[in-house]
Every structure is written in structure tokens, then in C-alpha cells.
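K.L.:
Would you mind keeping the following structure in view while I ask a few things?
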Amino acid sequence: MHLQKLSVGSTGIDSLQEWQNTMVARRKARGLLPCHEHVTRMFPKQKEALLDGGSIYWVIKGVIQCRNKIIGLEETRNDRGLKACSILMDPQLIPVQPQPRRAFQGWRYMKPEDAPPDLTAIEGAESLPPVLRNKLVEIGAW
């Protein structure tokens, strides 16, 4: 099982990677595990399925463009002291075949069979600029 999440404020994979690198550096400086962390209000009910090879697929500008592998789910408290879920992720972003998505709030589950393939699985796709990949999705060629 996977999650999909909007990456609000990201302009592309590079800007998301820069943000995640900053967050990982802050965690390392505090002596914490060097991973990316996203705190969300709701704790996923399908915890075991997510921890069994799950990823967060990031929707950037209306298109799923990349993913992070989920490495942990921990109960925590948000900045207001309320119970929350800390989703811990491998800091490496993995580009995927772009797939359009409508806007939504929070996160959504995604079945493994609905997840887009990694770009490494598509010959020559990694060398395409992100703008061209998104254009291929727009015109229905991908």
C-alpha cells in the first residue's frame, strides 16, 4: 500500500528535493535519524501494509512526479500538542512516470497496482526534462 500527498509550494522535483535536504539536515543536527519527516494529523490505519514496501507519491503541480520510500510511522504530537503521525521517509526522491491528479486535502491511499512505475523502468525516460515528461502526460502520450 502507498500514500499520495500534495507537495504544496514545490515547483518541481528539484525544489522538493531541496526542501527535503534541508529537513534532513535539521534532523541530523538534532541527533535524529537522517530521514525526511512529514507530520500529519491522522495516523494511517493500514500501517503494516505501508511499512511493507510502501512509498509516498508526491503530487507536484497536479501531477504525481516522484516518491519517497516510507521507513517508519511514529505517533507524535503536532505543534499544538495534539496527537499526530510522523511519517519517516528515505531521503532519496525517486522520479516516477508522471500521472495527473486532482487536488485533495491530506493524503490518500494508493493500491500498488495503481502506482506509476519508476522512471528507471522506462527506457530513456530519466533523461527527459521534467517539463517534457509533464507535456507527454498532458497530451496523453504517456
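K.L.:
Would you mind checking the tilt of helix 13-29 against the longest principal axis of the Cα atoms of the chain, expressed as 0 to 90 degrees and rounded to 10?
P.N.:
For helix 13-29, the angle is close to 20 degrees.
K.L.:
Pick out, in residue order, every one of the trypsin sites (Lys or Arg not before Pro) in the range 43-85 that is DSSP loop and has at most 16 other C-beta atoms within 10 Å; say none if there are none.
P.N.:
Qualifying residues, ordered by number: Lys45, Lys61, Arg80.
K.L.:
So how much slack lies between Ala29 and Asp90, counting 0.36 nm per residue of separation and subtracting their Cα-Cα distance, in nm?
P.N.:
Taking Ala29 through Asp90 to full extension adds about 20.3 nm, to one decimal.
K.L.:
For the chain, what does -39500 (n - 2.57) per DSSP helix run (n ≥ 4), summed and divided by total residues, give at 222 nm, in deg cm²/dmol to the nearest 500?
P.N.:
Numbers: 3 runs with 31 residues, N = 142.
Calculated at 222 nm, the ellipticity per residue is -6500 deg cm²/dmol.
K.L.:
Counting alpha carbon pairs within less than 8 Å and at least 6 residues apart, what relative contact order, in whole percent, applies to the chain?
P.N.:
Computed value for the chain: 28 percent relative contact order.
K.L.:
Next up: Based on alpha-carbon positions alone, could you give the equivalent ellipsoid semi-axes of the range 2-138 from the gyration tensor, as √(5λ), descending, whole Å?
P.N.:
25, 17, 14
K.L.:
Another one. What net charge is computed for the residues neighbouring Gln105, neighbours being all others with C-beta under 11 Å from the C-beta of Gln105, Lys and Arg scored +1, Asp and Glu -1? Please list the in-between numbers first.
P.N.:
Working: positive: Lys5, Arg41, Arg108; negative: none.
After counting each charged neighbour, the total is +3.
K.L.:
Tally Lys/Arg at +1 and Asp/Glu at -1 over every other residue whose Cβ is under 14 Å from the Cβ of Asp79; what's the total?
P.N.:
The answer is +3.
K.L.:
Give a quick list of chymotrypsin sites (Phe, Trp or Tyr not before Pro) in the range 75-112 that DSSP marks as loop, anything other than H, G, I, E or B, with at most 11 other Cβ atoms within 10 Å. All intermediate terms of the calculation are to be shown ahead of the outcome.
P.N.:
On the way: sites: Phe104, Trp107, Tyr109; in loops: Phe104.
Answer in residue order: Phe104.
None of the figures in this text is laboratory data; all of them are computed from the coordinates on show. Every value quoted in this text rests on a predicted model; they were computed, and no experiment measured them. Cβ coordinates were reconstructed from backbone atoms using ideal geometry, including for glycine residues, and neighbour counts include every protein chain displayed.
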